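A short reminder: the numbers here are calculations on the coordinates, not readings from a lab. Keep in mind that this is a model prediction, so the values were computed, not measured. Every residue, glycine among them, receives a Cβ derived from its backbone with ideal geometry; neighbour counts consider all protein chains shown.
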Amino acid sequence: IEANSPGPVYATLFIGVLDPATRRLRYVNAGHNPQYVLRAQGGLERMHATRLAVGLLAGRGYVERSIDLVQGDLLCFYTDGCVEVENERSEEFGVDRLEALLLSSVESPDPLHQIETGIATFRGRSEPLDDATLMTVKVGKGRGVPITGRANAW
């Protein structure tokens, strides 16, 4: 990106590889907002950036991290448009509201819908300033295909 762009251009990136047999998620977070694991036993874990955004400073490399998951854990991936959305009073939704919403949705039969509804309710009639993508992945029981997930963008 740095070599082929006129001026300072960069992109945030979260890449994850989930092994369904071991339930281990290996990931790199290149300057993206922290992504989340809602633990089935309670609590929220953040998958913070492991290095800078792609194209920001070339040649720095990336650090891979991993996290072990268990049945019932919920992964939540989102873009910055979800937390930067503003309401009619120009207040930003923010990470704190997202985390509270995530924690309240862990028992929901459809956490993606509950999170989307919470963000839309906050936004009210205000037009979104950026695109937003949200994806949840629930870790199921058994081996082989323990994962179910849904994604929405607006």
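A few notes on this one:
- Note on the chain: Cα convex hull, mean projected area over all directions, 10.2 nm².
- Based on C-alpha pairs under 8 angstrom that are at least 6 apart in sequence, the chain has a relative contact order of 22 percent.
- When segment 1-103 is described by a simple charge dipole with +1 on each Lys and Arg Cβ and -1 on each Asp and Glu Cβ, the residue from Tyr27, Leu102, Leu56 located farthest towards its positive end is Tyr27.
- Only helices enter the 222 nm calculation for the chain: every DSSP H run of n ≥ 4 contributes -39,500 (n - 2.57), and dividing by all residues gives -5500 deg cm²/dmol, rounded to 500.
- Evaluated with a Cβ-only charge set (Lys, Arg +1; Asp, Glu -1), segment 1-61 carries a dipole of roughly 220 debye about its Cα centre, given to the nearest 20.
- Put a plus charge on the Cβ of each Lys and Arg, a minus charge on the Cβ of each Asp and Glu, and nothing anywhere else: the dipole of the chain about its Cα centre is then about 740 debye.
- The label-point distance for Ser126 and Gln41, in a model that sets each label 7 Å from Cα toward Cβ, rounds to 3.9 nm.
- Relative to the compact-globule estimate of 2.2 N^0.38 Å, the Cα radius of gyration of segment 72-137 comes out at 1.06.
- Volume per residue for segment 13-98 equals 103 cubic angstrom (convex hull of Cα atoms).
- Per-pair calculated FRET efficiency, R0 = 30 Å: Thr50 and Ala21 via Cβ, rounded to 0.05: 0.80
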